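Taking it in order: structure first as structure tokens, then the write-up.
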Amino acid sequence: LIMTFRPEFDPPWIGIPCVTALTINRLGQRDSDVMIDHLVGNKGLPASIRQDIIERTDGIPLFVEEMTKAVLESKGEGETRRTDGAVPSAPLAVPASLHASLMARLDRLGPAKEVAQVGAAIGRQFSHALLASVVRQREAELGSALDRLIAAGLLFRQGAPPHATYLFKHALVQDTAYGTLLRSQRQELHARIAKVLEQEFQETIGRQPETLAHHYSQAGLVDLAIELWGRAGARSADRSAHHEAVGHFGSALDLVGKLPPSHQRDERELELTLALAVSLIAVHGFGSIRVEECAVRAKGLSDKLYGSRNRFAAQRVAWNSSLMRQPVPRTAALARELVGLAEEDANPAKLAVAHRALGYSLLVAGEFREAAETLARGATLADTISEGEFAIYGEHPSMVCRAYGGQVKILMGFPESGMTLIEAGVAHARQQNNAHSLAWALGVAAHVSQSQHEPAATARFASEAIETAHEHRMPQWLALGERCKGWAIYQLGVFEGGLNLLRQGVRRWYDTGATLHTTHAEICLAESYLLQGHAAAARSHLSAARAHSTSYGENYLATEIDRLEALLLQCEGAPTEMVEECLAKALDMAHRQGARLFELRSATALARVMAEHNKHKAVDILSPIYNCFTEGLGTSDLKEARALLDRLT
């Protein structure tokens, strides 16, 4: 005979030799997932809804089953899907199949039910001190009511009153108790809780402004709630808790939408939209469609608010979203508009941000000389300005201009000077104690090291970028780290593992919605396949790189496309003249761009081919370019060129 019973039941037969007692623990997340999968079948369920079910059912199989069924039967599921990942979904209702049972347990408690209602309004967990200040009962009555709730198995208590804390045993019990309150009762109760928090629990408000924001919201005190949700979002963003920040800013914006139309409302919405964009960038990546939607909304608001102090920041977000998803000429034009706006305002902080935008746009366009000057100007300006001036942008030009300025320097043939700038950018990000900036700086360092063909350094920077991005759930920098590390370990001889990681990073990058750096991603794949002689696969990826570079104007790797084309032709057995012609084209492009690193690499490849029939001409091509370098003689490309010259002379 098998019998099940709740913990409060005390069976008299426990202890008899033929009786075995088993404690049935709650289901873990994996088991709850299995139950949900069994019920959902092939219908699918958004990840946020699945997680909500798991968290609110506390591993109770009956609750898991009934909540999942209720979601599947709900007419509102489609709406929940649409908001998935943008702002927190509304709490799922207690299923009717459970509501009557839970209500019956509460109704049997008599006066203790009111205490349960107040506790439910405070939250899943609450302190004795806060409850006592809100319920307005004598301590003896309150203690008796709490004892009844604990004895009924509805609450857990930790510690002794007045320092005790309480926790509803199940989230659905809290929901049911809260659901018994009329709307007017709820509003009055939340207003009372908010007043008590303000008067007696200032320390809690300082640590958790979202708690007070929630009670203001439920009390219908919209203006106060918006202010506190914004403060909570900013606090979360400062701690690199950007997923939390997205929820808090989203809650504030939901309430702003309920305010009557006015100039002040639009200004407040613009401020919150810009703050939301910063955290969405960290959570989803610069190229996310959600970031683009946020940028479009911010720009639309700023166009209405011509004199707004946030107009420049809105234009900057529009540029940043365009950078990741639109052709480079459009992005560069937006960046030049930014410079114009900043010059109109004569604001050094805005000028630093605008130079960062224009400098990077020029880098991607392959206009390296102007990019180097612009980024250097941005870094110089940023160094004279306090960090607080850049908070609204979610980035610091000192770090960004140095990281990308270092990349330009390296491409222009100054590997040591460039790496010094990049390392300064990484150091600045560490000093800021900002996870997003650090993952960004490390990702750029890995990207640049890959461009230099330095696999060991690439793997080192990429590994830390992956670790930082994984810890803080930043898909864009995780993707870049995986892409670069995969290339590096492939070059170091771990072919299968390296290629798998590289492909995973490329897929993850595209999943963020970004089109920028498609050229780089496809070149990495082409180069890796070519290393093993897989000409057909290399051809496919190189063609994709060329097509993207042409259609998007992403020209900073144009020379590398032509150089790899020549190596691929050689692998395919093409005539030497075709190979040399392709390398000569690469050499000419690199010279015109001022990309001395790529010029040297193309010259080395061309000299190696020419050496088969004309050693003197090979030396004449390679030697002058090699001799232009004044630093970085120990880097991979320079050592390779030197070794070839030594063999030919």
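The values are calculated or read from the model by the stated rules, or taken from the named source; none is laboratory data. None of these values were measured; they are calculated from a predicted model. A quick note on method: Cβ atoms are made from the backbone with ideal geometry, for glycine too, and the neighbour counts reach across all protein chains shown. For the accessible areas, the whole protein counts, side chains as well, though only heavy atoms, and no ligand, DNA or RNA atoms are used. Shrake-Rupley method; radii C 1.70, N 1.55, O 1.52, S 1.80 Å.
Here the simple spin-label model places points 7 Å from the Cα toward Cβ, and for Arg136 and Gln185 these points are separated by 1.4 nm. The Arg642 and Glu387 beta-carbon pair, evaluated with R₀ = 35 Å, returns a calculated FRET efficiency of approximately 0.20. Each Lys and Arg adds +1 at its Cβ and each Asp and Glu adds -1 at its Cβ; summed about the Cα centre, segment 160-219 shows a dipole of about 180 debye. Evaluated with a Cβ-only charge set (Lys, Arg +1; Asp, Glu -1), segment 505-606 carries a dipole of roughly 280 debye about its Cα centre, given to the nearest 20.
With +1 on each Lys and Arg Cβ and -1 on each Asp and Glu Cβ, and nothing else charged, work out how big the dipole of the chain is about its Cα centre, in Debye to the nearest 20. Write down the numbers at each step before the final one.
Numbers: 67 positive and 75 negative charges, 171 e Å.
The dipole of the chain has a size of about 820 debye.
For segment 258-348, applying the loop criterion from DSSP together with a ceiling of 16 other beta carbons within 10 Å to the trypsin sites (Lys or Arg not before Pro) yields Lys258, Arg309. Taking the charge dipole of the chain about its Cα centre, with +1 at Lys and Arg Cβ atoms and -1 at Asp and Glu Cβ atoms, the residue from Thr519, Tyr626, Ile14 reaching farthest to the positive side is Ile14.
Plugging the Kirkwood radius over Cα pairs into Stokes-Einstein for segment 345-405, at a temperature of 10 °C and a viscosity of 1.306 mPa s, what D comes out in µm²/s? Translational diffusion coefficient: 143 µm²/s. Segment Leu62..Ala47, full-extension length gain: 3.3 nm, with 0.36 nm per residue of separation and the alpha-carbon distance subtracted.
Roughly speaking, to the nearest percent, how much of segment 251-312's 1.4 Å accessible area is carbon and sulfur?
Details: 1440 of 2710 Å².
Ligands and nucleic acids excluded, carbon and sulfur give 53 percent.
Taking the charge dipole of segment 205-318 about its Cα centre, with +1 at Lys and Arg Cβ atoms and -1 at Asp and Glu Cβ atoms, the residue from Pro209, Pro260, Ala318 reaching farthest to the positive side is Ala318.
By the Stokes-Einstein formula, at 0.692 mPa s and 37 °C, segment 424-536 with its Kirkwood radius over alpha-carbon pairs has D equal to 239 µm²/s.
Given a Förster radius of 22 Å and the C-beta distance between Tyr510 and Arg473 as r, what FRET efficiency does 1/(1 + (r/R0)^6) yield to the nearest 0.05?
Values: r = 18 Å, r/R0 = 0.82.
The computed FRET efficiency comes out at 0.75.
Protection proxy ranking for 153-159, 113-119, using the average of other Cβ atoms within 10 Å per residue and placing the highest first: 113-119, 153-159.
Around Met399, what is the net charge, scoring Lys/Arg as +1 and Asp/Glu as -1 over all other residues with Cβ under 12 Å from its Cβ? All intermediate terms of the calculation are to be shown ahead of the outcome.
Values: positive: Arg356, Arg402, Arg430; negative: Asp383, Glu387, Glu395, Glu423.
Value of the local net charge: -1.
Hey, any idea what the orientation-averaged projected area of the convex hull of segment 199-346's Cα atoms comes to, in nm²? If you can, show how the numbers build up before the last one.
On the way: hull surface 39.0 nm².
The Cα convex hull of segment 199-346, projected and averaged over all directions, gives 9.7 nm².
Taking the charge dipole of the chain about its Cα centre, with +1 at Lys and Arg Cβ atoms and -1 at Asp and Glu Cβ atoms, the residue from Ala232, Val71, Ala298 reaching farthest to the positive side is Val71. Projected label points at Glu203 and Thr380, each 7 Å from Cα along the beta carbon direction, are separated by 5.1 nanometres.
Diagonalising the gyration tensor over the Cα atoms of the chain and scaling each eigenvalue by 5 before taking the square root yields semi-axes of 59, 30, 20 Å, largest first. For a paramagnetic label modelled at 7 Å from the Cα of Met103 toward its Cβ, which residues of segment 171-192 fall within the zone defined by backbone nitrogen distances under 12 Å? Counting backbone N atoms under 12 Å from the label point, the list is 176-177, 179-181.
A simple spin-label model places the labels of Glu343 and Ala574 4.3 nm from each other, with each point 7 Å out along Cα-to-Cβ.
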